[in-house]
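> Sharing a structure, written as structure tokens. Questions coming.
The values are calculated or read from the model by the stated rules, or taken from the named source; none is laboratory data. Bear in mind the structure is a predicted one, so any value in this text is a computation, not a measurement. All Cβ positions, glycine included, derive from the backbone under ideal geometry; neighbour counts span all protein chains shown.
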Amino acid sequence: MSLKGKDILSAFDFEREDLERLFKLADRLREEINDKGTLDYALGKVMVTAFFEPSTRTKLSFQFAMERLGGKVINFDVSTSSLLKGESDVDTMKIIDGYGPDVIVIRQKIPYFPHKVKDIVKAPIINAGDGPHEHPTQALLDVYTIWRELGEVDGLKVGIMGDLKYGRTPSSLSFMLTRFNNVRIYYIAPEVIQIRDEVLKEIKGKVNYMKVDKPEDVIEELDVLYITRLQKERFANPEEYERLKGVYKIDKKFLMKFKHIPIIMHPLPRVWELDPGVDELPQAKYFEQAKNGLYARAALIKEILGV
Amino acid sequence: MSLKGKDILSAFDFEREDLERLFKLADRLREEINDKGTLDYALGKVMVTAFFEPSTRTKLSFQFAMERLGGKVINFDVSTSSLLKGESDVDTMKIIDGYGPDVIVIRQKIPYFPHKVKDIVKAPIINAGDGPHEHPTQALLDVYTIWRELGEVDGLKVGIMGDLKYGRTPSSLSFMLTRFNNVRIYYIAPEVIQIRDEVLKEIKGKVNYMKVDKPEDVIEELDVLYITRLQKERFANPEEYERLKGVYKIDKKFLMKFKHIPIIMHPLPRVWELDPGVDELPQAKYFEQAKNGLYARAALIKEILGV
Amino acid sequence: MSLKGKDILSAFDFEREDLERLFKLADRLREEINDKGTLDYALGKVMVTAFFEPSTRTKLSFQFAMERLGGKVINFDVSTSSLLKGESDVDTMKIIDGYGPDVIVIRQKIPYFPHKVKDIVKAPIINAGDGPHEHPTQALLDVYTIWRELGEVDGLKVGIMGDLKYGRTPSSLSFMLTRFNNVRIYYIAPEVIQIRDEVLKEIKGKVNYMKVDKPEDVIEELDVLYITRLQKERFANPEEYERLKGVYKIDKKFLMKFKHIPIIMHPLPRVWELDPGVDELPQAKYFEQAKNGLYARAALIKEILGV
């Protein structure tokens, strides 16, 4: 089994056996890259990063992954492109595809944009974030991080906190966790930004979950606390937003109150919700998590290219 | 004969024998790239894309062309450069040239900018659009597309429609068509944006042409209908612009009225003047045309580098 | 001795023997690159250019240097990054470093930013300008240019003119000149933008210097006249700025008044302070200086990578 030539649009596009195979491959590539620097699996292959939205980690880690596999990367950067002239994004994708890239990584504001173009475009495509909808390779590196840090995923208790309603990361992570057994998800957020019913409908019966209002209600039970940003623009009332800062900011002092501290994850970038003081705790895994993105994505690219 | 080390500033820089040789080379490179992915003709060579204006197709296809030939590309992107500090574009070109690139591709707002710097700059330069003036490699891929689709260029009837006054594409295409025998050009546009007299002076006696007001007057005689955008800012009167939309928009329904439909080309990006419904017709060749840009430019780069 | 694995934060990070070794290596790499095009010293190595500010020469010449050494470059371009989301620059650097680049080149607005992150970041870092503070590789190519043009640096008289107070180039150049014997620096500027006392404190006793008000007072004594821009925003009074234009603009007519003309250098970009008419004088060395940046930086990268 392999993902050769497949599109990756959703976290559901990975079966459990795909994930286990990719995680082991990621570990192997890590060793080979540490050993040799740059490999030659993807020699002569070309990846396009078609980013219609700004990005740091995702774009850079895809670039590093492809370069370390020995391939080439061509960036399509919307800020210097003819989109200024009013071209449709679908035309742009057709043109990029016509140049014959071996794989295209797409970041878009529009939900389901990759789904819309997948049959138009011949190259395999990887959804690197379609608005508030999904971000499957973020979930891949998230679950890879949990697997590396805790040795397994089955049976774990995972708290996901922050902007669950509009964040694509919580959805994709939830979907991917359904591939494992006896996982329990705690959605930690005020009602106004709690996880959407569409997401819950997708995972119902495949994973246990419950909604929780505040992190202190559940933290000691958790194996993983996964923090995401709360975005000011989601709140009609600025005072409500300011009040929430008190409740949903995780700092060292807060964590030290508990006997058991779960591993702390964050897709980054962080703003105020995760204090830099936490960085020194052994449970802080978010920079390791970012780094894992390189290896998880390299594994995925290698499989999709079939090299 | 070859173009080794030559500057390409105008469509007139290609003789007929250059064009025929480049078209055959483009076909050969297409096969080799389809076969092997990345070639090694340009190993160790460096191209700079010096783009002082936004671009999608042109920049991407030059990048792909050079990468597929095995070379390297360094982008000089004006939006992140010191031009913000007020440096002259001529100084910028001198500095880029001093770094010793093997070829420089220039896109500029200023007409004749490449002509102005060609003797200052040691590397061969390719004009990738100098304001409303010329875009010779667009003409190269346009005529390559006609040659591939119709088997020859001699004797063809080519309608060029849209913004003929300010568009660089119609000028360069007209110039290149003079290299063939018995071609007839129909310039289809309202008088306010008809082809300029300077352009007609250059082609007089070398190609037959006539001005036409509306596409329906001539479409059944055409072998090729080449559509370009009408830009709103060209019209003093917005109502005039809105009225023209009715006359110069090509859609499937309009085309199906005619017994003979010519091949439809467009340099892209398109806005309203070419309806996406046309894409399904067998005569729609504009995405193929964009794709041909990769091979036509690869052939040109290979010759200029002398590899 | 070598700089393998070292950070380069200041011009003081180079000892005299480092400079002499790097200058000779730069000359050797120049010959090898002219001979072979692209070398293979840095095969499989990856450099990140982390530019938080716009740049032409510095970024391009680092890119060219790395590509010509056979390595790969990944650009981190702040204008298309998540910094828009409010991420701290320190987090950004940690994440970039986690992807395992072999060397990171940093350009920042914030003085001492590279010093702040050097212990957080594992990869060797090169300061490519930290606000008004330092720009050590600019000094490297400046002194390399003097060494090439005049055969030695000991005993020379160097005039540095323009915005000495806020310019990072004058500081780094002054620091590097302390590594040579009997150098005399003339700081040519109106008092309001004269060299800062902090800079003078660093060089006191290590190099002779004096402040001079106008270029004509000293030009005949100089071996080198190093010109930098005067920035309008430094002056509270726009009339004062306009008046200075008369005094601090160097053109051919001005230079031709003197029996002896020193070599003319400028870090570029230039605006009005150095007239293009000077370009034709044999003493004009600023484009050669820009070009030297490629070889000086290639030598530095090669040493830092230890290849």
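> Could you grab me the full set of residues in the stretch A:1-37 that are more than 28 Å from A:Pro269 (Cβ to Cβ) and either surrounded by 20 or more Cβ atoms within 10 Å (Cβ to Cβ) or out of contact with any Asp or Glu (no Cβ under 9 Å at 6 or more places or on another chain) (or both)?
Within the stretch A:1-37, A:Leu3, A:Gly5, A:Glu15, A:Arg16, A:Glu17, A:Glu20, A:Lys24, A:Arg28, A:Glu31, A:Glu32, A:Asp35, A:Lys36 meet the criteria.
> Within the stretch C:108-122, can you find the residues that are over 13 Å from C:Ser10 (Cβ atoms), basic (Lys, Arg) and modelled with pLDDT of 95 or more?
Hits for the stretch C:108-122 are C:Lys116, C:Lys122.
> Additional query: Identify all residues within the stretch B:95-129 that are closer than 25 Å to B:Gly71 by Cα and away from chain C (no Cβ under 14 Å); write none if there are none.
Those that are closer than 25 Å to B:Gly71 by Cα and away from chain C (no Cβ under 14 Å): B:Val105, B:Ile106, B:Arg107, B:Gln108, B:Pro114, B:Lys118, B:Pro124, B:Ile125, B:Ile126, B:Asn127, B:Ala128, B:Gly129.
> Among the residues of the stretch B:90-102 satisfying the criterion of being of a type outside the set (Val, Ile, Thr) and closer than 12 Å to C:Leu294 by Cβ, which is surrounded by the most Cβ atoms within 10 Å (Cβ to Cβ)? Break it down stepwise before answering.
From the stretch B:90-102, those of a type outside the set (Val, Ile, Thr) are B:91, B:93-94, B:97-102; that's our starting set.
Checking which are closer than 12 Å to C:Leu294 by Cβ leaves us with B:97-101.
Working: B:Asp97: 20, B:Gly98: 23, B:Tyr99: 24, B:Gly100: 19, B:Pro101: 27.
Once the filter is applied, the top-ranked residue is B:Pro101.
> When you go through A:Asp154, A:Asp97, A:Asp89, A:Asp142 one by one, which is the residue that is farther than 25 Å from B:Leu60 by Cα and over 18 Å from the mean Cα position of the chain (by Cα)?
Checking each option against the conditions leaves just A:Asp154.
> Right, next: Quick one: what pairs do we get from the stretch A:206-217, first residue closer than 15 Å to A:Arg196 by Cα and not assigned by TED's automatic domain parsing to the domain that holds A:Leu164, second in a strand (DSSP E or B) and modelled with pLDDT under 95, C-beta under 8 Å, 6+ apart or different chains?
So the pair list comes out empty.
> Of the conditions (1) over 17 Å from the mean Cα position of the chain (by Cα); (2) touching a residue at least 40 places away in the same chain (Cβ under 8 Å); (3) under 23 Å from C:Tyr186 (Cα atoms), C:Lys118 satisfies every one except a single condition; which number is it?
It fails just one condition, (3).
> The conditions are (1) modelled with pLDDT under 95; (2) buried (at least 22 other Cβ atoms within 10 Å of the Cβ), and A:Pro132 fails exactly one of them. Which is it?
Against the list (1) modelled with pLDDT under 95; (2) buried (at least 22 other Cβ atoms within 10 Å of the Cβ), A:Pro132 comes up short only on (2).
> So which of A:Val158, A:Val105, A:Val153 ends up being assigned to a loop (DSSP other than H, G, I, E, B) and surrounded by 22 or more Cβ atoms within 10 Å (Cβ to Cβ)?
A:Val153
> Hey, any hits in the stretch C:195-204 for a residue that's in contact with a Pro (Cβ under 6 Å, 6 or more places away or on another chain) and assigned by TED's automatic domain parsing to the domain that holds C:Val271?
No, there is no match, as no residue in the stretch C:195-204 is in contact with a Pro (Cβ under 6 Å, 6 or more places away or on another chain) and assigned by TED's automatic domain parsing to the domain that holds C:Val271.
> Continuing with the same structure: Note down all Cβ pairs under 6 Å where the first residue falls in the stretch C:61-74 and is within 7 Å of another protein chain (Cβ to nearest Cβ), the second is of a type in the set (Lys, Arg) and outside any strand (DSSP E or B), and they're at least six residues apart or on different chains.
C:Ser61/C:Arg297
> Now a separate question. If I ask for residues that are in a loop (DSSP other than H, G, I, E, B), more than 30 Å from C:Val78 (Cβ to Cβ) and either within 14 Å of chain A (Cβ to nearest Cβ) or within 22 Å of the chain's Cα centre (by Cα) (or both), which ones from the stretch C:1-59 would you list?
Residues satisfying the conditions are C:Ser2, C:Glu15, C:Asp40.
> Go over the candidates B:Val307, B:Val271 one by one and state the one that is of a type in the set (A, V, I, L, M) and farther than 21 Å from B:Arg168 by Cβ.
Testing whether each residue is of a type in the set (A, V, I, L, M) and farther than 21 Å from B:Arg168 by Cβ leaves just B:Val307.
> Please find, within the stretch C:161-178, the residue that is nearest to the chain's Cα centre (by Cα) out of those that are part of a helix (DSSP H, G or I) and among the aliphatic types (A, V, I, L, M).
C:Leu173
> Output the residues belonging to the stretch B:222-252 that are in contact (Cβ under 8 Å) with a residue 12 or more places away in the chain and among the basic types (Lys, Arg).
Selection gives B:Arg229, B:Arg234, B:Lys245, B:Lys249, B:Lys252.
> Right, another one. Of (1) in contact (Cβ under 8 Å) with a residue 40 or more places away in the chain; (2) touching a Pro at 6+ places or on another chain (Cβ under 6 Å), A:His133 satisfies all except one. Which?
Single failed check for A:His133: (1).
> Also: Working only within the stretch C:238-297, note down all residues that are within 14 Å of chain B (Cβ to nearest Cβ) and assigned to a loop (DSSP other than H, G, I, E, B).
Correct list: C:His266, C:Pro267, C:Leu268, C:Pro269, C:Arg270, C:Val271, C:Trp272, C:Glu273, C:Asp275, C:Lys285.
> Considering each residue of the stretch A:1-48, count those that are of a type in the set (Gly, Ala, Ser) and under 18 Å from A:Ala65 (Cα atoms), and give that number. Lay out the reasoning, then the answer.
Residues of the stretch A:1-48 of a type in the set (Gly, Ala, Ser): A:2, A:5, A:10-11, A:26, A:37, A:42, A:44.
In the following step, the residues that additionally are under 18 Å from A:Ala65 (Cα atoms) were identified as A:5, A:26, A:37, A:42, A:44.
Adding up the residues that qualify gives 5.
> If you go through the stretch A:180-196 one residue at a time, do you hit one that is under 20 Å from A:Asn292 (Cβ atoms) and within 20 Å of the chain's Cα centre (by Cα)? Please lay out each step first, then the result.
Going residue by residue through the stretch A:180-196, those that are under 20 Å from A:Asn292 (Cβ atoms) are A:180, A:183.
Checking which are within 20 Å of the chain's Cα centre (by Cα) leaves us with A:180, A:183.
The answer is yes; a qualifying residue exists.
> Same structure, new question: So, of the residues in the stretch B:222-253 that are polar (S, T, N, Q) and at pLDDT below 95, which turns out to be surrounded by the fewest Cβ atoms within 10 Å (Cβ to Cβ)?
Narrowing the stretch B:222-253 to residues polar (S, T, N, Q): B:228, B:231, B:237.
Filter once more, keeping what is at pLDDT below 95: B:231, B:237.
Values: B:Gln231: 15, B:Asn237: 9.
Among residues in the stretch B:222-253 that are polar (S, T, N, Q) and at pLDDT below 95, the one surrounded by the fewest Cβ atoms within 10 Å (Cβ to Cβ) is B:Asn237.
> Would you mention how many residues in the stretch C:60-86 are within 20 Å of C:Gly100 (Cα to Cα) and either assigned to a strand (DSSP E or B) or modelled with pLDDT under 90 (or both)?
9
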